[in-house]
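A.B. asks: So that we are looking at the same thing, I have put the structure below in structure tokens.
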Amino acid sequence: MKRNTIKRLGMFSVLIFLFVISLFIGLGEGSSRTKKITMLLCWPKDQNLSKILTDLTEEYIKINKNFSYEFEYVPQSDVVQKVQVLLASDSLPDIFAYGSSRLHTLKKENSEYAIVNLESELKKLGVLHWIDPKVISMLKELNVDKGMYALPGGLNIEGFFYNKELFERAGIKKTPKTWDELLEICEKLKKAGIQPIALGGKDRWPITRLIHAYIYRSLGPDAMYKAIKGIDGVKFTDPVFVKAAKVIYDMAKNGYFGEGANTISNGTAEDMVLNKKAAMIYDGSWLLSKLNNPSQNPSGENIGFFSVPLVDPKVSPITIYPMNPGVVVALSSKKYDSETAKWLRYIVPKIGNKMMEVWGVYAGYRVTKEVELPYYSKLIYDEVKKAKGYTFWFETFFDLQTNAICGQWAQSLMNGTMTPEEFMLNIQKSIEANR
Amino acid sequence: MKKVLGDKRALFIFVFPALIVFLMFVFFPVLRSVYYSFFKGNPGLGLTYCGIENYTRMWFDPEFLKSLSVTLKYVIVVFLGHIIGGFSLALFLFFLIKSKKIKDILRTITFLPVVLPIVAVAQIFSMMFEITPNYGLVNAIFNSIGLKSLVQPWLGKESSAFWIWCFMDIWRGVGFYTAIIYGALVEIPVELFECAVIDGASLSKIISNIVIPYIRSVLLVCITFSLVGTMRVFESSLALTNGGPGTATRTLSMVMYDNAFTYMRYGYGSAIAVFLFILCYLIGFILRRIDSWFRD
């Protein structure tokens with residue numbers, strides 16, 4: 001009897017064990033004859049490019065019943081790490097979002113990319129011309145090997161957004177053209193009891209964006225690249241770089257960013273401007289989703305935009321904007337096959353129009369339909385058209401460690417626990433150590 | 001039952017599933033980390049053998065050294081908070097609260113933060129110490145009582161963010177240690193206390209000569225839990241300050257994670273993980289030795 005009990009227990013344990021194992025090895029997966037792609041994107045399914053790609057894929061499924069997809073959302077802040085983890089286990093999804101300047105980190109030991117070269121692939125499929133040549137050149141410039149390995153996730157343009165009502169309240173008639181005028185306006189606003197600039201220092205990148213704004217207006221759009229590569233002997237410890245950090249350091253010291261800028265996120269900073277709690281914010285065209293939404297934007301059409309004020313117009317005129325192709329979308333070369341190619345050929349020509357129709361956003365894809373744009377979409381689209389040149393962002397060409405750590409130093413700079421000289425010296429040292 | 005457990009085959013059948021899960025999810029990953037720590041690169045893209053370079057490199061890496069000092073400082077503060085706080089609260093509930101009803105209510109209140117999710121606790125603390133766009137509870141109180149100089153960005157300054165983080169984790173964990181120590185106090189025979197009181201022993205004498213020796217093993221378990229748990233701290237700092245401002249709350253686990261998954265230095269990240277593992281093992285080993293020394 002007892003031996004029987006032991007036998008039964010044994011059988012039961014083995015069954016449980018087999019059941020657990022079957023869960024891990026994925027028994028019960030669908031038939032392999034149909035094509036199923038996995039999308040790992042950093043926008044929720046009903047937002048931004050995720051909505052466009054999933055809607056277009058569903059359209060495609062209607063004409064190709066054997067095709068299906070699975071969608072996974074990962075917040076933008078975690079997407080690079082998530083992809084790295086998947087890469088480490090050699091299980092990249094078919095389609096995934098990634099940092100536009102980090103695609104070279106998806107290279108194998110034999111220097112081959114783990115992702116598809118989309119310039120040659122889209123050319124082969126006859127759909128490359130559906131992507132804006134300006135964006136193609138951006139994507140290639142962002143890649144260390146100068147190849148186009150991803151689809152653009154948008155075409156972001158950056159600058160200062162300001163609340164017209166608060167400007168009027170402080171007696172400010174026009175937007176600043178030079179950096180000195182910007183500082184004068186900050187002082188006027190402060191005297192009028194209005195916080196001049198909202199800054200989401202908790203997210204770190206808004207601080208370095210401001211430092212970069214001063215650098216590229218002083219030394220030209222390629223200043224960061226030169227300093228990183230050491231071209232013409234340019235270093236981060238050069239006086240102009242230190243001055244850029246000092247300008248932001250002084251602005252923080254003068255209280256232009258209000259109290260506790262390091263404790264608020266960029267989202268909160270945006271809300272402060274839209275809710276008339278601060279007059280300006282340095283931000284990107286991704287703010288459109290809030291600006292176009294009346295429930296999130298109580299200021300209506302009272303928000304304006306101006307390009308980064310000038311420091312030396314000879315090296316960096318007003319028509320040079322900080323721009324970037326957003327978070328990009330790459331395709332795993334291991335999973336890429338003729339079925340995915342057909343899907344790609346179907347969706348690429350449709351993304352531009354769909355982005356315009358649904359979100360009123362120009363995303364770097366050709367638009368062939370006339371669409372009546374909302375007020376702010378038109379405002380930003382007009383700025384994009386004015387752009388004659390572009391620069392990227394502060395950390396674009398940094399190695400992975402300097403990229404992550406400079407934001408922490410930027411917070412210390414804001415707090416006054418690190419001097420501008422120390423800030424730039426740390427960056428220089430980190431760049432050299434990782435070169 | 002004794003017969004069943006005495007049967008080696010039966011024991012094997014009972015232990016086998018748990019053993020497999022343990023080997024798959026604990027033992028092999030640790031071994032794998034040790035293996036990776038001797039390589040450079042990323043497993044998905046290719047690895048290059050580099051000997052002990054990852055282990056020597058950490059002693060010259062300012063990011064590692066800074067995070068090690070932050071972690072050790074945090075461990076000391078939070079560990080003391082957990083043990084002293086937990087012990088004091090347990091004694092307070094055991095000796096000073098006579099009503100069972102009040103005792104139960106207080107035990108529930110002290111244990112409540114333990115069951116709250118870390119992210120929720122971090123959000124509560126963020127809001128409490130907020131300054132922009134609105135004053136949080138702390139700044140609002142200082143402002144209303146006229147202490148304007150104390151209205152400041154508590155979580156935005158290196159000097160204060162660290163202490164708020166420690167306070168939050170002590171508050172969150174102390175109930176757990178109170179519950180364990182209180183459970184041990186209840187097990188002490190009442191006669192011992194009665195004899196001590198008849199002999200005229202003071203409360204401090206009772207604590208040092210009866211309570212501590214009697215619950216020594218439980219205290220050692222609490223000390224081990226607290227030291228090992230605090231040494232691996234990651235999520236509370238991530239949720240409250242994301243390691244900032246600057247590097248004020250950046251822990252060893254964060255540096256390990258960043259190296260492995262942000263800087264793509266899987267080997268170096270593994271070496272830091274192995275270092276952390278050895279550190280935790282050493283703590284456990286030393287505490288076991290101390291326990292056996294006391295026993296002898």
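The values are calculated or read from the model by the stated rules, or taken from the named source; none is laboratory data. Remember, it's a predicted structure, so these values are computed and weren't measured experimentally. Positions of Cβ are generated from backbone atoms using ideal geometry, with glycine treated the same way; all protein chains shown enter the neighbour counts.
A.B. asks: Between a residue in the range B:148-165 that is closer than 19 Å to B:Pro133 by Cβ and within 12 Å of another protein chain (Cβ to nearest Cβ) and any residue that is assigned to a helix (DSSP H, G or I) and among the β-branched types (Val, Ile, Thr), which pairs come within a Cβ distance under 7 Å, given they are 6 or more apart or on different chains?
C.D. replies: Pairs found: B:Pro153/A:Thr263; B:Trp154/B:Val138; B:Trp154/B:Ile164; B:Leu155/A:Thr263; B:Leu155/B:Ile164; B:Gly156/A:Thr263.
A.B. asks: I'm checking my understanding of the structure. Among residues of the range A:389-413 that are facing another protein chain (nearest Cβ under 8 Å) and aliphatic (A, V, I, L, M), which one is surrounded by the fewest Cβ atoms within 10 Å (Cβ to Cβ)?
C.D. replies: Here the answer is A:Ala404.
A.B. asks: Test each condition in (1) assigned to a helix (DSSP H, G or I); (2) at pLDDT 90 or above for B:Val26 and report the one that comes out false.
C.D. replies: (2)
A.B. asks: Let me ask something else about it. A:Asp283 is checked against (1) part of a helix (DSSP H, G or I); (2) more than 30 Å from A:Asp94 (Cβ to Cβ); (3) modelled with pLDDT of 95 or more; (4) of a type in the set (D, E, K, R) and fails just one. What number does that condition carry?
C.D. replies: (1)
A.B. asks: Return only the number of the condition from (1) modelled with pLDDT of 95 or more; (2) of a type outside the set (A, V, I, L, M, F, W, C); (3) within 29 Å of A:Lys314 (Cα to Cα); (4) assigned to a loop (DSSP other than H, G, I, E, B) that A:Gly171 does not satisfy.
C.D. replies: A:Gly171 satisfies every listed condition except (3).
A.B. asks: Pick from the range A:414-434 the residues that are in a helix (DSSP H, G or I) and among the β-branched types (Val, Ile, Thr): which of them is farthest from B:Ser159 (Cα to Cα)?
C.D. replies: A:Ile431
A.B. asks: Show me the helices (runs of 4 or more DSSP H) entirely contained within the range A:37-131 in which 1 or more residues are more than 23 Å from the chain's Cα centre (by Cα), touching a residue at least 60 places away in the same chain (Cβ under 8 Å) and closer than 19 Å to A:Gly364 by Cα.
C.D. replies: In the range A:37-131, the matching helices (runs of 4 or more DSSP H) lie at A:118-125.
A.B. asks: Is there any pair with a first residue in the range B:70-85 that is touching a residue at least 24 places away in the same chain (Cβ under 8 Å) and a second that is of a type in the set (Asp, Glu) whose Cβ atoms are under 7 Å apart and which are 6 or more apart or on different chains, and what are they?
C.D. replies: B:Val78/B:Asp169
A.B. asks: Given (1) in a loop (DSSP other than H, G, I, E, B); (2) at pLDDT below 95, where does A:Pro176 come up short, assuming only one miss?
C.D. replies: Only one criterion in (1) in a loop (DSSP other than H, G, I, E, B); (2) at pLDDT below 95 is unmet by A:Pro176, namely (2).
A.B. asks: Additional query: Within 14 Å of chain B (Cβ to nearest Cβ) and of a type outside the set (Asp, Glu): is that true of A:Val273 in this structure?
C.D. replies: Criteria met by A:Val273.
This table checks each residue for (1) under 17 Å from the mean Cα position of the chain (by Cα); (2) surrounded by fewer than 18 Cβ atoms within 10 Å (Cβ to Cβ); (3) in contact (Cβ under 8 Å) with a residue 24 or more places away in the chain.
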{"residue": "B:Ile210", "(1), (2), (3)": "no, yes, no"}
{"residue": "B:Tyr214", "(1), (2), (3)": "no, yes, yes"}
{"residue": "B:Ser217", "(1), (2), (3)": "no, yes, yes"}
{"residue": "B:Cys222", "(1), (2), (3)": "yes, no, yes"}
{"residue": "B:Glu235", "(1), (2), (3)": "yes, yes, yes"}
{"residue": "B:Pro245", "(1), (2), (3)": "no, no, yes"}
{"residue": "B:Ala248", "(1), (2), (3)": "no, no, yes"}
{"residue": "B:Thr251", "(1), (2), (3)": "yes, no, yes"}
{"residue": "B:Gly284", "(1), (2), (3)": "yes, yes, yes"}
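A.B. asks: While we're here: So A:Tyr365 passes all but one of these: (1) within 20 Å of the chain's Cα centre (by Cα); (2) within 14 Å of chain B (Cβ to nearest Cβ). Which condition number does it fail?
C.D. replies: (2)
A.B. asks: Would you check which residues across the range A:272-291 are surrounded by fewer than 18 Cβ atoms within 10 Å (Cβ to Cβ), in contact (Cβ under 8 Å) with a residue 60 or more places away in the chain and in contact with a Pro (Cβ under 9 Å, 6 or more places away or on another chain) and list them?
C.D. replies: Residue satisfying the conditions is A:Lys276 alone.
A.B. asks: Related question: (1) touching a helix residue (DSSP H, G or I) at 6+ places or on another chain (Cβ under 8 Å); (2) part of a loop (DSSP other than H, G, I, E, B): which one isn't true of A:Pro317, the others all being true?
C.D. replies: For A:Pro317, the failing item is (1).
A.B. asks: OK, next. Modelled with pLDDT under 70 and either away from chain B (no Cβ under 14 Å) or more than 15 Å from A:Tyr98 (Cα to Cα) (or both): does that describe A:Asn4?
C.D. replies: yes
A.B. asks: Same structure again: Among the residues of the range A:129-137, is any of a type in the set (D, E, K, R) and modelled with pLDDT of 95 or more?
C.D. replies: For the range A:129-137, residues of a type in the set (D, E, K, R) and modelled with pLDDT of 95 or more: absent.
A.B. asks: When you go through A:Leu166, A:Leu182, A:Leu151 one by one, which is the residue that is under 30 Å from A:Glu119 (Cβ atoms) and touching a residue at least 12 places away in the same chain (Cβ under 8 Å)?
C.D. replies: A:Leu151
A.B. asks: List every residue pair whose Cβ atoms sit under 7 Å apart, with the two residues 6 or more apart in sequence or on different chains, where the first one lies in the range B:37-53 and is within 11 Å of B:Ala271 (Cα to Cα) and of a type in the set (Lys, Arg) and the second, anywhere, is modelled with pLDDT of 85 or more and part of a strand (DSSP E or B).
C.D. replies: Filtered contacts from the range B:37-53: B:Lys40/B:Leu47; B:Lys40/B:Thr48.
A.B. asks: For the range B:7-20, state whether one or more residues are more than 20 Å from the chain's Cα centre (by Cα) and outside any helix (DSSP H, G or I).
C.D. replies: yes
Listed here are the residues, each with its yes/no results for (1) within 11 Å of chain A (Cβ to nearest Cβ); (2) β-branched (Val, Ile, Thr).
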| residue | (1), (2) |
| --- | --- |
| B:Ala10 | yes, no |
| B:Pro17 | yes, no |
| B:Val26 | no, yes |
| B:Ser33 | no, no |
| B:Tyr36 | yes, no |
| B:Asn42 | yes, no |
| B:Leu45 | yes, no |
| B:Thr48 | yes, yes |
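A.B. asks: Something else about it: I want to confirm something. Restricting to the range B:94-145 and keeping residues that are in contact with a Lys or Arg (Cβ under 8 Å, 6 or more places away or on another chain) and either aromatic (Phe, Trp, Tyr) or outside any helix (DSSP H, G or I) (or both), which single residue is farthest from the other protein chains (Cβ to nearest Cβ)?
C.D. replies: Here the answer is B:Ile97.
This table checks each residue for (1) out of contact with any Cys (no Cβ under 7 Å at 6 or more places or on another chain); (2) small (Gly, Ala, Ser); (3) over 30 Å from B:Leu240 (Cα atoms).
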{"site": "A:Tyr256", "(1), (2), (3)": "no, no, no"}
{"site": "A:Gly260", "(1), (2), (3)": "yes, yes, no"}
{"site": "A:Asn266", "(1), (2), (3)": "yes, no, no"}
{"site": "A:Lys277", "(1), (2), (3)": "yes, no, no"}
{"site": "A:Ile281", "(1), (2), (3)": "yes, no, no"}
{"site": "A:Asn292", "(1), (2), (3)": "yes, no, yes"}
{"site": "A:Asn297", "(1), (2), (3)": "yes, no, no"}
{"site": "A:Glu301", "(1), (2), (3)": "yes, no, yes"}
{"site": "A:Gly326", "(1), (2), (3)": "yes, yes, no"}
